[in-house]
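Participant: Take a look at this one; I'll ask things after.
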Amino acid sequence: MSIGQTLRDLLAPLGVYRWEGSFQWGELQSEGAALDQAEETLARIQREMHLATAREEGLTGLCHLLGCLAEGEPDQLRQTLAALLRVGSGSFTLAAVNDAVRGCGISALVEETEDPLKLTVSFPDTGGVPDDFARRQQVIEKLLPCHVLVEYQFQYMTWTLLEGRFLSWEQLEETGATWKTFEAQTL
């Protein structure tokens, strides 16, 4: 039911208004239509201001504020933003950082080193340098404190790994792969 009809129902018991053929009903309808529009706008704003229900500008606006890319499906974007929001002041534990990196959709592993001001980042599911490394690097470095040095480690196929996988050169040649193919292969 529209707000105009609700207003008419509220005023009807007073008995002082003539609704048929009068300007009063037209005025209530126009005021009710404006209030209906305001109600729809407020409902959309309320939906977009909560991360759990946002679908459009709420997600893109939060991405803009947090400096991350607004790419992907809304559910995936919500998970990414939730991971970024969980990183609060002082919560830069290794588990929190790895959770935030995974939440951003990056398959990487952040590990501590002997030096307290240095971290290593590796990509365990990817052989060689990942195709979208520049984007991954940008997101990872936004998550980590700026005073920490980040060292990236990439995995490549070595002769030892190759020999462990294939018993003979004939078995290797049957695959038809090149060294470049093995180099980028998941290890």
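The values are calculated or read from the model by the stated rules, or taken from the named source; none is laboratory data. This one's a predicted model, so the numbers in the text were calculated from it and none came from an experiment. Reconstructed Cβ throughout: ideal geometry from the backbone, glycine too, with neighbour counts over all protein chains shown. Quick note on the areas: whole protein, heavy atoms, side chains included, nothing else; ligands and nucleic acids left out. Shrake-Rupley method; radii C 1.70, N 1.55, O 1.52, S 1.80 Å.
Participant: Hand me the list of helices (runs of 4 or more DSSP H) wholly inside segment 65-172 holding 3 or more residues that are under 30 Å from residue 48 (Cβ atoms).
Facilitator: Answer list for segment 65-172: 74-86, 94-103, 133-143.
Participant: Consider residue 38 carefully, then state whether it is in contact with a Pro (Cβ under 8 Å, 6 or more places away or on another chain), farther than 30 Å from residue 154 by Cβ and open to solvent by less than 50 Å² (accessible area, probe 1.4 Å).
Facilitator: no
Participant: If you don't mind, another one. Counting just the residues of segment 46-60 that are outside any loop (DSSP other than H, G, I, E, B) and polar (S, T, N, Q), which one comes out farthest from residue 78 (Cα to Cα)?
Facilitator: Among those residues, the one meeting the criterion is 46.
Participant: For segment 41-80: of the residues being open to solvent by less than 90 Å² (accessible area, probe 1.4 Å) and in contact with a Pro (Cβ under 8 Å, 6 or more places away or on another chain), which is farthest from residue 8 (Cα to Cα)?
Facilitator: Selected residue: 59.
Participant: Is it true that some residue in segment 131-147 is farther than 30 Å from residue 84 by Cβ and open to solvent by less than 70 Å² (accessible area, probe 1.4 Å)?
Facilitator: No, segment 131-147 has no match at all.
Participant: Separate question: So if I check each of 133, 166, which one is under 18 Å from the mean Cα position of the chain (by Cα) and among the aromatic types (Phe, Trp, Tyr)?
Facilitator: 133
Participant: Quick one: in segment 79-124, which of the residues that are at pLDDT 85 or above and acidic (Asp, Glu) is nearest to residue 136 (Cα to Cα)?
Facilitator: For segment 79-124, the residue satisfying everything is 111.
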